[in-house]
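The structure appears below as C-alpha cells.
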Amino acid sequence: REAVVSTQSTGGPQNSEHVILCIHGEPTWSFLYRFMISELSHRGYRVIALDFIGFGKSDKYSSVDMYTHDLHTLTLKLFIEHLKLSNITLVVHDWGGPVGLSVVKDMPQLIDSLCILNTVLPCRDDTALRHIVNLFHFICWSAAIFVCQTHIPLGALLGYEGVDGATSKGYTAPFPNYRYKAGVARWPQLVPMLPWGNSRIIEDMRSTKRFLRTWKKPVLMMFCTDGISGKGPSKELFKSLFPHGVDIPITGGGCLAPEFKGEELAQHLCRFLNENKKKK
C-alpha cells in the first residue's frame, strides 16, 4: 500500500496564498518545529511541517533498503503537488537541506523564498571535506549508526545535543523499538560527505548547487554559530551561493536551532517576510 505522510499544519487560512513549509532532518521530525509553528501561526501565517517517510507520525518501512534520496525528494514533491501549495517559503534544517534544496531546482516556480538553517549541501568536491570539525561530527554520527544500526539509542544522542529527558521522550515517541528506526539508520548513508558516496546523489547535489547559483529570489540564512555547519566552509558555501541573501548569525542552539531558538528564528523570519512583502 502507499505510505502515509503525516504533517503538522496550523495558522492562517487554509486557502492562504502564502505558506511556510518546514523540512526536518535527522533524527528529528516535525516536532522540532513546534516553537516556530506556534510563533508563526500567532502572527497569522499558515505553516506546514511534514514528517518524511520513516520519521515522526508518517508510515515507516522496516527495511533500510527502502529508504533512498529519491524516496525523500519524491515524497516532498508529491506532497507539494497534492496540497497544491505555491508561494512557498521553504525552511530547511540539517539533512533536510540536501532534500529540500534539491526539490527547489525541480519546482522553482512554486518557491517564493528560502530560509536556511544549519545544514550542508555536500558532494565529493564540497569544501566541508576540508573542515575537520564538520567531517568529524559526521563520522561520529555515521559510526554510531554503523555500530547500532536500527538499535541506535536516539534518546542518548539527543541528550548529548542538550535535549532534556522529558522533551527527548517527545522526539523518540514515534520510534518505540528498533523496527521503527530503519529510516533513521539509513539517512546518514544518503549524505555524500565522503569521497566514496553514492555517485547519483553526488551528481544531484552538484546540479542543485549549479541551479542555486542562479537563484535570485529572497534567501534568509540563520546558522547557529555553535552548531555543526554554523561557521566555516559549510556556511561560506551558502553565502557564496546566495550573495544577495540575508545572513543572521544565531548565538546558541547548537545543531537543533528550532528546538532551542525556535521563537527567535520565527521572529527573524517574520521580519524577513514582511520586508520582502513591502518590496513587491
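The values are calculated or read from the model by the stated rules, or taken from the named source; none is laboratory data. Bear in mind that the values here come from a model prediction, so they are computed numbers and not experimental data. Virtual Cβ from ideal backbone geometry, glycine too; neighbours counted across all protein chains shown. Accessible surface is based on the protein model in full, side chains and every heavy atom, while ligands, DNA and RNA are left aside. Shrake-Rupley method; radii C 1.70, N 1.55, O 1.52, S 1.80 Å.
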Those residues of the range 174-220 which are modelled with pLDDT under 95, over 20 Å from Ser234 (Cβ atoms) and among the small types (Gly, Ala, Ser) amount to Ala185, Ser199
Restricting to the range 257-280, name every residue that is farther than 21 Å from Lys217 by Cα, touching a strand residue (DSSP E or B) at 6+ places or on another chain (Cβ under 8 Å) and either open to solvent by less than 20 Å² (accessible area, probe 1.4 Å) or not in a helix (DSSP H, G or I) (or both). Ala257, Pro258
Please identify the pairs in which a residue from the range 127-154 that is closer than 13 Å to Trp187 by Cβ has its Cβ atom under 7 Å from the Cβ atom of a residue that is at pLDDT below 70 and not acidic (Asp, Glu), counting only partners at least 6 apart or on another chain. Phe138/Met193
Hey, Asp226 hits all of (1) in a helix (DSSP H, G or I); (2) open to solvent by 10 Å² or more (accessible area, probe 1.4 Å) but one; which does it fall short on? (1)
Tell me which residues, restricted to the range 53-87, are touching a strand residue (DSSP E or B) at 6+ places or on another chain (Cβ under 9 Å), outside any helix (DSSP H, G or I) and among the aliphatic types (A, V, I, L, M). Leu83, Leu85
So Thr127 ticks every box in (1) modelled with pLDDT of 90 or more; (2) of a type in the set (Val, Ile, Thr); (3) open to solvent by 30 Å² or more (accessible area, probe 1.4 Å) but one. Which box is left unticked? (1)
Just give me the residues in the range 22-52 being open to solvent by less than 10 Å² (accessible area, probe 1.4 Å) and in a loop (DSSP other than H, G, I, E, B), in sequence order. His24, Gly25, Thr28, Asp51, Phe52
